[in-house]
1. Which one of Ala194, Ala202, Ala213, Ala209 is over 22 Å from His71 (Cα atoms), surrounded by 17 or more Cβ atoms within 10 Å (Cβ to Cβ) and within 32 Å of the chain's Cα centre (by Cα)?
2. Give all pairs with beta carbons closer than 7 Å in which a residue from region 253-281 that is over 12 Å from Ile310 (Cβ atoms) meets a residue that is charged (D, E, K, R) and surrounded by fewer than 19 Cβ atoms within 10 Å (Cβ to Cβ); count only pairs at least 6 apart in sequence or on separate chains.
3. Checking Gly179 against (1) over 30 Å from Gln100 (Cβ atoms); (2) surrounded by 13 or more Cβ atoms within 10 Å (Cβ to Cβ): exactly one of these is not met. Which one?
4. Taking the options Arg222, Arg165, Arg193, name whichever one is within 30 Å of Ala52 (Cβ to Cβ), modelled with pLDDT of 90 or more and of a type in the set (Lys, Arg).
5. Return yes or no: is Asp184 among the charged types (D, E, K, R) and at pLDDT 95 or above?
6. With respect to Arg144, determine if the residue is farther than 30 Å from Ser86 by Cα and of a type in the set (Lys, Arg).
7. Output the qualifying pairs, or none if there are none: Cβ atoms under 7 angstrom, residues six or more apart or on different chains, first residue in region 104-128 and within 30 Å of Ala155 (Cα to Cα) and free of Cβ contacts under 8 Å to residues at least 40 places away in the same chain, second residue hydrophobic (A, V, I, L, M, F, W, C) and part of a helix (DSSP H, G or I).
8. Within region 241-278, take every residue that is outside any strand (DSSP E or B) and small (Gly, Ala, Ser) and give me the one that is farthest from the chain's Cα centre (by Cα).
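The values are calculated or read from the model by the stated rules, or taken from the named source; none is laboratory data. None of the values given here were measured: they were computed from a predicted structure. With ideal geometry, Cβ positions are generated from the backbone for all residues, glycine too; neighbour counts draw on all protein chains shown.
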Amino acid sequence: MTVQRKILIALLIAVVLGAAGAAGWYFTRERASGDHALTLYGNVDIRQVQLAFNGSERIAAMQAREGEQVHKGQLLATLDTSRLASNVDLQQAQLASQQQVVARLEAGSRPEEILKAQADAEAARIAADNAAHTYQRLQELVARHFVAQQQADDALAASDAAQARYQALQETLKLVKMGPRKEDIAAAKAMLRASKAALDVARKTLADASLYAPDNGIIQERILQPGDMASPQRPVYTLALTDPVWVRAYVQGPDLGKLKPGMRAGVSTDSFPGKNYRAWVGYISPTAEFTPKSVETTQVRSSLVYQVRIFVCNPQGELRMGMPATVTIHPGEPPAPDASRCQD
């Protein structure tokens, strides 16, 4: 072996040892600083809502189909409202009637009613005076034996009856002047409130005959059809919400301390190679569980893991439920403010 070859071999060994030392120093520093990337594997998940009418009636029309994207507040279906609308009209009429009852009681007696009561009382007074005078005359005739005692007794009874009738009409006049009792007015007002509540219920029932989207999403399933009998227990649509979207992944105990809510993350999928979605750590389970069968790891499946949710920005709606995804987290990066997480 020549001297030049020995020198070349020595230089090559020195280069290899230097590179190995540098690599070891780099990875040791990265591990010590805790800034190396953490990679998790999971599936895209979204929330699903079962939409149903808050009432029982035949479905009249359905405006949305499977796969259609809907917006919050959009009309999705309606019920037959003929019976419900008639009930609203009935409650409105009953409310108007009760309002008039309350107004009549609060207004009290009309002047004409008071005058009539006065006239009735005056007529009863005149009749009572006449009956008393008749009795007096018959008593004188009885004393002179011109008439029988029975006639005087009948006149006395008629006089007493006339006097009682006069007293009754006097009390009636007082009541007419005083007007309705306050208890009657309170009872009428209570009935008025009940009528208003019944009308509100009828209007709410009529409003519930229209089914609206509670949030932005995609119609995943159309369960019922026009003509079906709807009820609160029978879903009409299954709505897949488009926000929020997250990746359900699992992290092992040794890596749990590297994660904190709000940490920046990146999500990629096989469906869109080379595209990275902005994301952040949104939820870390407080309890451990055994590794789910759907999670592919190199470790034993019986090991304990913690579920995490990585919320993802999905402006183009490309991420679908169940889609496999890869999550990359850099623990050393500062968390992004809530307001700018999905903003460019």
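1. After applying the criteria, what remains is Ala202.
2. Pairs that qualify, where the first residue is over 12 Å from Ile310 (Cβ atoms) and the partner is charged (D, E, K, R) and surrounded by fewer than 19 Cβ atoms within 10 Å (Cβ to Cβ), are Phe272/Glu318.
3. That leaves (1) as the condition not met.
4. Only one candidate qualifies: Arg222.
5. Against the criterion (among the charged types (D, E, K, R) and at pLDDT 95 or above), Asp184 does not qualify.
6. The answer is yes for Arg144.
7. Ala127/Ala162; Ala128/Ala162
8. Gly274
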